[in-house]
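Novice: Please see the structure below; I have some questions.
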Amino acid sequence: MKLEPVVGDDPREILRGLRGALHGAGPALGLGLVSAFPAEVRAGTAVVVTTSGSTGVPKSVVLSRDALTASAMATADRLGEGAWLLALPATYVAGLQVLVRSIVADREPAVMAGAFTPQAFAATALMMASSEHGRRIPTFTSLVPAQLAKLLDAAAHDSPVLTALRSFEAILVGGQALPPATLERAEAAGARIVRTYGSTETSGGCVYDGVPLRGVALRVARGEVQVSGPTLADGYLESEELTDAAFLRDADGTRWYRTGDAGLVDDGVLRVHGRIDNVIVSGGVNVSLDRVEAIVRTVPGLASSVVVGIPDERWGEASVIVAARGEALRRSESVQLEEARAAVKEGIGAHARPSRLVLVDELEALPSGKPDREAIRRAVIALR
C-alpha cells in the first residue's frame, strides 16, 4: 500500500487525505518527520504519525483504518455524537482524532485558523451553533492543559470566551496530567471537562475520567499500565525490535501495549502515578519526578509548573521546579519554594524535596502543546 507523506500541517489538506485513507480509496498519510518514510506500508494502514514526544526520540506509529475508526466510534458511544472543533495540530494524534471523529460522524469539523488564542477559539466555537430537526447539535473539542489554562485566564474578563467554554457538551483534555487547580477553575466556570488518557499507540485517548472506552481493557503488570483493545496501533514503522518491546501478545492472542506509565486500577478506575522512567536517584534514593510535580502543582502559583531532574554535586541528582514568571510571582520566590518543599516533604518525604525554583518568561512547549521537558531541563542546566 502506498504511503504519501504530508508536508506541512494544513488541517484542510490532512482532512482531504484522511477521508480517502479511512475509506480505502486513497493512500495512507505520513504525518510528521516525512523524510525517512518508505514508499509502501502494510495494507489497511491509514496514517503513520511520527512524533518526537517530550524526550526528543522520534517514533513512527502505524495506525490502521480499523483502529482509528474504533476509537472514534468508542468516543461517540461514551459522549454522544455531534460536531467537533479542531484547536490542536492535526499532525498529532489528538488533533487527528478530531478529524477522524468528524469523518465518521459525516460532519464537517470547525477548524480554528492560525495560532491558538482565546479570542480565535471563542470566535470559531460560537459560530458552530446549529440545529437539526429542531434539536441543537452538541459540540465537542479537544485541548491540552496549557490551552485550557489560557482560556480560563481570558474568560475571567472576556465574556465571549466564557460563553464558548460553556457551549461545549464536553471538552476533552489530555496529552499530560491536568492540574487539579485547573480542573477546579474549569468546573467553576461551567465548562464540562473530560480528562483523557492515551497515546499515539492507542489512537489517542482511550480512557476517559479513568474509565476505559468500549472495547478497551486495562491491566497493571509489575506496576506498569498496559492497554489492549481495537484501538491499538499496528506497531512502529520499519522497527520490529521497537514494536516487539512495546506490544506484547498473550498466549490467547490478546495484544497489550506497554505504556511505560506507573499506575493502578482501583475499582475499575485507572489512576496514573507518572512515567516509570521519569525517576532520578538523589542521595541513593529513587525519586519520581511525576509524583513531585503533582504535589508542587497544588501550591498556589505553581499549578502549571514543570519539575525536571539535573546533575547535583552533592546528591548525584536533584529536582528543580520551573515555572512561568507571570503565574509564579503572586508571592515571593523564596516563599513559594519553601511551600513546595514543605508540601513534597509531607507527601513523599524530605529526600524528594526540590532544590530550586527557576522562573522563566514562558515554559518551552512542543507543537502539541505539551511541555518540552528535555529543552526545559537543558535550559536549567545551562543556567548553572
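Novice: Checking the condition charged (D, E, K, R), over 17 Å from F116 (Cα atoms) and in contact with a strand residue (DSSP E or B) (Cβ under 7 Å, 6 or more places away or on another chain), which residue from R219, R135, R166 passes? Quick ask: steps written out before the conclusion?
Specialist: Working: R135 fails: in contact with a strand residue (DSSP E or B) (Cβ under 7 Å, 6 or more places away or on another chain); R166 fails: in contact with a strand residue (DSSP E or B) (Cβ under 7 Å, 6 or more places away or on another chain).
Within the list R219, R135, R166, the selection yields R219.
Novice: Moving to a separate point now. Would you pick out the residues in segment 117-126 that are closer than 17 Å to E169 by Cβ and out of contact with any Ser or Thr (no Cβ under 8 Å at 6 or more places or on another chain)?
Specialist: F121, T124
Novice: Just checking, does segment 130-143 include any residue being modelled with pLDDT of 95 or more, more than 30 Å from G235 (Cβ to Cβ), in the same structural domain as G44 (by TED's automatic domain parsing) and surrounded by fewer than 18 Cβ atoms within 10 Å (Cβ to Cβ)?
Specialist: Checking segment 130-143: at least one residue is modelled with pLDDT of 95 or more, more than 30 Å from G235 (Cβ to Cβ), in the same structural domain as G44 (by TED's automatic domain parsing) and surrounded by fewer than 18 Cβ atoms within 10 Å (Cβ to Cβ).
Novice: Can you name the number of the only condition in (1) in contact with a Pro (Cβ under 8 Å, 6 or more places away or on another chain); (2) at positive phi that G283 fails?
Specialist: Answer for G283: the failing condition is (1).
Novice: Can you tell me how many residues within segment 161-196 are aliphatic (A, V, I, L, M), under 12 Å from the mean Cα position of the chain (by Cα) and modelled with pLDDT of 95 or more?
Specialist: 2
Novice: Just one of A105, A76, A83 is among the aliphatic types (A, V, I, L, M), closer than 15 Å to S142 by Cβ and out of contact with any strand residue (DSSP E or B) (no Cβ under 9 Å at 6 or more places or on another chain); which is it?
Specialist: When all the criteria are applied, what remains is A76.
Novice: Of the residues S319, S305, only one is small (G, A, S), within 20 Å of the chain's Cα centre (by Cα), crowded, with 23+ Cβ neighbours inside 10 Å and modelled with pLDDT of 90 or more; which?
Specialist: Just one listed residue meets the conditions, S305.
Novice: Okay, moving on. State which residue is surrounded by the fewest Cβ atoms within 10 Å (Cβ to Cβ) when the search covers only segment 78-124 and only residues that are within 21 Å of the chain's Cα centre (by Cα) and more than 21 Å from D10 (Cβ to Cβ).
Specialist: Among them, the one singled out is R78.
Novice: Considering only residues that are touching a residue at least 40 places away in the same chain (Cβ under 8 Å) and not in a strand (DSSP E or B), look in segment 268-286 and name the one that is surrounded by the fewest Cβ atoms within 10 Å (Cβ to Cβ).
Specialist: It comes out as G268.
Novice: Something else about it: Just to check your reading of the model, which residue among R222, R214, R166, R185 is touching a Gly at 6+ places or on another chain (Cβ under 8 Å) and charged (D, E, K, R)?
Specialist: Numbers: R222 fails: touching a Gly at 6+ places or on another chain (Cβ under 8 Å); R214 fails: touching a Gly at 6+ places or on another chain (Cβ under 8 Å); R185 fails: touching a Gly at 6+ places or on another chain (Cβ under 8 Å).
One residue alone meets the criteria, R166.
Novice: Quick check: is even one residue across segment 233-241 hydroxyl-bearing (S, T, Y) and in contact with a Phe, Trp or Tyr (Cβ under 8 Å, 6 or more places away or on another chain)? First the steps, then the outcome.
Specialist: Applying the first criterion (hydroxyl-bearing (S, T, Y)) to segment 233-241 yields 236, 239.
Keeping just the survivors that are in contact with a Phe, Trp or Tyr (Cβ under 8 Å, 6 or more places away or on another chain) gives none.
No, segment 233-241 contains no residue that is hydroxyl-bearing (S, T, Y) and in contact with a Phe, Trp or Tyr (Cβ under 8 Å, 6 or more places away or on another chain).
Novice: On to the next question. Show me the strands (runs of 3 or more DSSP E) found entirely inside segment 287-384 where at least 1 residues are of a type in the set (D, E) and touching a strand residue (DSSP E or B) at 6+ places or on another chain (Cβ under 7 Å).
Specialist: Ranges flagged: 306-312, 316-324.
Novice: Name the one entry in S199, S203 that is within 16 Å of the chain's Cα centre (by Cα) and closer than 27 Å to L302 by Cβ.
Specialist: Only one candidate passes the filter, namely S199.
Novice: Now for a different question. Taking segment 157-214 as the search range and keeping residues that are part of a helix (DSSP H, G or I) and among the β-branched types (V, I, T), which one is surrounded by the fewest Cβ atoms within 10 Å (Cβ to Cβ)? Reasoning before the result, please.
Specialist: Going residue by residue through segment 157-214, those that are part of a helix (DSSP H, G or I) are 159-167, 180-189, 200-202.
Pick out the ones that are also among the β-branched types (V, I, T) and you get 161, 163, 182, 200, 202.
Details: V161: 25, T163: 14, T182: 20, T200: 21, T202: 25.
Among residues in segment 157-214 that are part of a helix (DSSP H, G or I) and among the β-branched types (V, I, T), the one surrounded by the fewest Cβ atoms within 10 Å (Cβ to Cβ) is T163.
Novice: Identify the residue in segment 127-152 that is in a loop (DSSP other than H, G, I, E, B) and over 16 Å from E169 (Cα atoms) and, among all such residues, is nearest to the chain's Cα centre (by Cα).
Specialist: Among residues in segment 127-152 that are in a loop (DSSP other than H, G, I, E, B) and over 16 Å from E169 (Cα atoms), the one nearest to the chain's Cα centre (by Cα) is V144.
The values are calculated or read from the model by the stated rules, or taken from the named source; none is laboratory data. All values derive from a computational prediction rather than experimental measurement. With ideal geometry, Cβ positions are generated from the backbone for all residues, glycine too; neighbour counts draw on all protein chains shown.
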